[in-house]
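To start, I am sharing the structure in question, which I have written as structure tokens.
Quick note: the coordinates plus some simple rules give every number you see, no bench work behind them. Just so you know, these numbers come straight off a predicted model, no measurement behind them. Cβ placement follows ideal geometry from the backbone for every residue including glycine, while neighbour counts extend to all protein chains displayed.
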Amino acid sequence: MDFTFVCPTELHAFQEKLEEFEKRGVAVVGCSVDSEYSHLAWLNTPKKNGGIQGVKYPIVSDFSKSISEKFGVLAGGYSPDEDGNWVCNGLPVAYRGLFLIDKNGVVRHCVINDLPLGRSVDEALRVVDALQHFEEFGEVCPANWCKGKDALKATDEGVSDYLSNH
């Protein structure tokens, strides 16, 4: 939600690393269950006042909550009451979701945090690097892998070699 405590810290953190994503050919897009009018007000509010002034990447309005619902991050859910009216059960807000979607529209990585927990921009970049390494070399990336470190060949011999050297 716009104008909350953790959200602006995340949006500014992604803005600070936007060039790193762009170097990797990755587009950053924000999405919130608030209206485009709320987004505009938030974008025009200085950082020191809880705003996101200076954020340059697109922020999508999911006022209908359909995107949040389809991606499994909506904290509440909708169901019909006895009169056939759709009512929300729980909070009609989104958890903090991060999705790495490849060029074919396939979700390759996702993390969903509860409302008080911010996401790690550095971890998002590390996962982008890992996916791009796999796509380029066909090697899989072990726990805590970072660009420039050894990866694994997806064979029994490759795993044995990696494990015996680490």
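Using the alpha-carbon centroid of each, what span in Å lies between the range 1-73 and the range 96-132?
A separation of 15 Å, based on Cα centres.
Lys pairs in the range 1-114, Cα-Cα under 28 Å, at least 8 apart or on separate chains: how many?
So the count of such lysine pairs works out to 17.
Just one of (1) 62, 44, 28; (2) 50, 33, 25; (3) 71, 34, 25 is Cα extents along the principal axes in Å as worked out from the coordinates here. Which one is it?
(1)
Just to confirm a number: summing +1 for Lys and Arg and -1 for Asp and Glu over residues other than K147 whose beta-carbon lies under 9 angstrom from that of K147, what do you get?
Working: positive: R126, K149; negative: D129.
Neighbour charge sum, excluding K147 itself: +1.
With θ taken as phi - 60° and the coefficients 6.51, -1.76 and 1.60, list the Karplus ³J(HN,Hα) couplings across the range 50-55 in order, rounded to whole Hz; mark glycine and proline as x.
For the range 50-55, the Karplus-derived couplings read x, x, 10, 3, x, 6 Hz, x marking Gly and Pro.
On to the next question. What order do you get for 69-75, 41-47 when each peptide is scored by the mean count of other beta carbon atoms within 10 Å, highest first?
On the way: 69-75: 16.7, 41-47: 14.7.
The densest-packed peptide leads the list: 69-75, 41-47.
Among E36, E20, E82, rank each residue by its count of other Cβ atoms within 10 Å, from fewest to most, as a rough exposure measure. Kindly include the intermediate steps, with their values, before the conclusion.
Numbers: E36 12, E20 17, E82 5.
Sorted ascending by nearby Cβ count, the order is E82, E36, E20.
Arrange the peptides 55-68, 94-107 so that the one whose residues have, on average, the most other Cβ atoms within 10 Å appears first.
Working: 55-68: 15.4, 94-107: 13.4.
Top of the packing list down: 55-68, 94-107.
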